[in-house]
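The values are calculated or read from the model by the stated rules, or taken from the named source; none is laboratory data. Keep in mind the model is a prediction, meaning the values are calculated, not measured. Neighbour counts run over all protein chains shown; Cβ positions are idealised from the backbone, glycine included. Areas reflect the complete protein model, heavy atoms only, side chains present, ligands, DNA and RNA absent. Shrake-Rupley method; radii C 1.70, N 1.55, O 1.52, S 1.80 Å.
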Amino acid sequence: MTLVFDYLVIGSGLAGLSFSLYAAEYGKVCIVTKKSLYDSNTYYAQGGIACVIKDENECDDYSKHIEDTLKAGSYLNNREVVEMVVKEGYERVKDLIKWGVNFDKKDKKKFDLHKEGGHSCPRVLHIKDVTGKEIIKVLANKVLTHKNITVFQNHYAIDLITQHHLGYEIKRGMENIECYGAYVFDTNTSLIKKILARITVVCTGGIGNIYLVTTNPEIATGDGIAMCYRAKAECENMEFIQFHPTAFYYPFKRPALLITEALRGAGAELKTKNGYYFMKDYSVDAELSTRDIVARRIDMILKKTGDEYVLLDATKVGKDKILKNFPNIYRELLKFGINMTKDPIPVCPAAHYLCGGIKTNKNGKTTINFLYAIGECASTGLHGANRLASNSLLESIVFAHKAFQDSLNIINKASINNKIPNWNEEGTIYPKEMVLIKSYFTELQLIMTNYVGIIKSNERLNLALDKIMELAKKTEEIYKKSKISPQLLELRNAISVAYLIVTFAIRRKENIGLHYNIDNE
Ligand code: SIN
């Protein structure tokens, strides 16, 4: 089946939904999402959106947010991009408000701004501790009722379509690669749709699910990054995996319950199981140091003591504030017998966010023509070597708007390519059993968790690479002869992303931001 749209948007977090709402004012948009509109990393974002609101927040100004972002990123960020995102932030936040998002206010007029690690003042807009969920609810409702937007849920993008599918040889680095849309697997019917579009936008989120402990939902398997890489787009900074310092420790709970950094902003402190408050010895900003520093410190303590968790003591925050600002975390922890107004919370670091990804310019355009990447899957230059807390939703909405505006300059040059063949599944069969695919995935998660964690070594990275190459070979053999299934697509994508992370980590010879290798000391 062939379908034709002006815009094909792959992914349905904040980046995908907001881009679609901007683009639907111009033309016909198709959103493809592999589960429901409510399965995305955005949905799980608790903290909020960092934003300078000049008239309301005397303490803040652009230069402070710019400096905080650069410092968190160890100055590996692209300054021009940082300035642009910070300065455009409030305009885009106003778009969200116009669409119906209601950020918490502390009185009738002023926003209630939270403080998180690495921020020199409170500047995080939020909706209690469920900011992402509330944003998605509002935007999903809008896209589902928009006459110019078609939403395909339970649809897996298999591959981006380029000249490769017309029989031409494509190499990374070539300037004239063009994207014409994507082949998409409809899990309801098992049919493969060919969706052609003038502009394709990849907004597939992160990669957390390639680790055993992650705050990300199961969908976070790096599909967009793997697809773009296969289509010969450039990727960068893949070694900068951010581990959130405080995920609730509960073995086998996936995703791990995030304990928002805003709780530390409100006064919660970290201590060892023996009751020692350790962050003050390590950094002047203590609990509110940037995530790379806090997560690494916790990791070192866990390795030294052999403990599985440290404790986050939120009792000083006070019951009233906890119930008002963190009701979701409070309720969730109660289910596990923890009353956070009285009991310390067992926490450990968990894979949370990929700071690198598909390389884009300052308009979100990838190195392939007519192809944009926005949101977590993209490497825009904003985050450098470590993302400042709550800058990710900000990046998503600013780049959604930028990419849409930029697309208007090129959409008329893009034509629908009628020569693209249908997906060819000749000679493929249904895998006899899925257990192999499942066990390869678990093997990959173990490799990444054991060898490519917060603190790395050359030996572990090389071992990981060998094992990943072996898995890649076995998976390709299955892929060539099998009919498409979501599990197989995700395994293949996750392996590609793991390969990129490890090879980038091997190449980086200095310890900076989130990248820490004991052999570089
Ligand atoms: C948090 O609330 O701590 C997570 C927000 C983020 O990742 O920026």
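Restricting attention to the stretch 231-278, report how many residues are basic (K, R), open to solvent by 30 Å² or more (accessible area, probe 1.4 Å) and within 28 Å of L76 (Cα to Cα). Spell out the reasoning first.
Going residue by residue through the stretch 231-278, those that are basic (K, R) are 232, 253-254, 264, 271, 273.
If we keep only those that are open to solvent by 30 Å² or more (accessible area, probe 1.4 Å) as well, we get 232, 253-254, 271, 273.
Remaining after also requiring within 28 Å of L76 (Cα to Cα): 232.
Number satisfying all stated conditions: 1.
Listed by first and then second residue, the pairs linking a residue in the stretch 158-184 that is buried (at least 22 other Cβ atoms within 10 Å of the Cβ) to a residue that is assigned to a loop (DSSP other than H, G, I, E, B) and among the basic types (K, R), with Cβ atoms under 7 Å apart and 6 or more places separating them unless they lie on different chains, are I177/K232.
Counting just the residues of the stretch 122-140 that are open to solvent by 10 Å² or more (accessible area, probe 1.4 Å) and outside any helix (DSSP H, G or I), which one comes out farthest from the ligand (Cβ to nearest atom)? So the residue we want is P122. No other residue among A314, A286, A295 is of a type outside the set (K, R), at positive phi and open to solvent by less than 60 Å² (accessible area, probe 1.4 Å) apart from A286.
What number of residues within the stretch 75-89 are open to solvent by less than 40 Å² (accessible area, probe 1.4 Å) and either among the small types (G, A, S) or closer than 27 Å to L139 by Cβ (or both)? Write out each step before concluding.
At the first step, the residues of the stretch 75-89 found to be open to solvent by less than 40 Å² (accessible area, probe 1.4 Å) are 77, 81-82, 84-86, 89.
Among the residues that remain, those that are also either among the small types (G, A, S) or closer than 27 Å to L139 by Cβ (or both) are: 81-82, 84-86, 89.
The total comes to 6.
Check every one of the strands (runs of 3 or more DSSP E) wholly within the stretch 176-249 and list those with 3 or more residues that are away from the ligand (no atom under 16 Å from the Cβ).
Values: elements: 181-186, 191-202, 241-248.
Output list reads 181-186, 191-202.
Each residue in the stretch 90-121 was checked for being small (G, A, S) and either buried (at least 18 other Cβ atoms within 10 Å of the Cβ) or under 21 Å from the mean Cα position of the chain (by Cα) (or both), and 2 of them qualify. Checked against (1) open to solvent by 20 Å² or more (accessible area, probe 1.4 Å); (2) touching a residue at least 60 places away in the same chain (Cβ under 8 Å); (3) more than 30 Å from A286 (Cα to Cα); (4) not acidic (D, E), Y44 passes all but condition (3).
If you scan the stretch 405-435, which residues turn out to be of a type in the set (A, V, I, L, M, F, W, C), touching a Gly at 6+ places or on another chain (Cβ under 9 Å) and outside any loop (DSSP other than H, G, I, E, B)?
In the first step, residues of the stretch 405-435 are kept if they are of a type in the set (A, V, I, L, M, F, W, C); the result is 408, 410-411, 414, 416, 420, 423, 429, 434-435.
In the following step, the residues that additionally are touching a Gly at 6+ places or on another chain (Cβ under 9 Å) were identified as 411, 416, 420.
Across the stretch 405-435, the qualifying residue is only I411.
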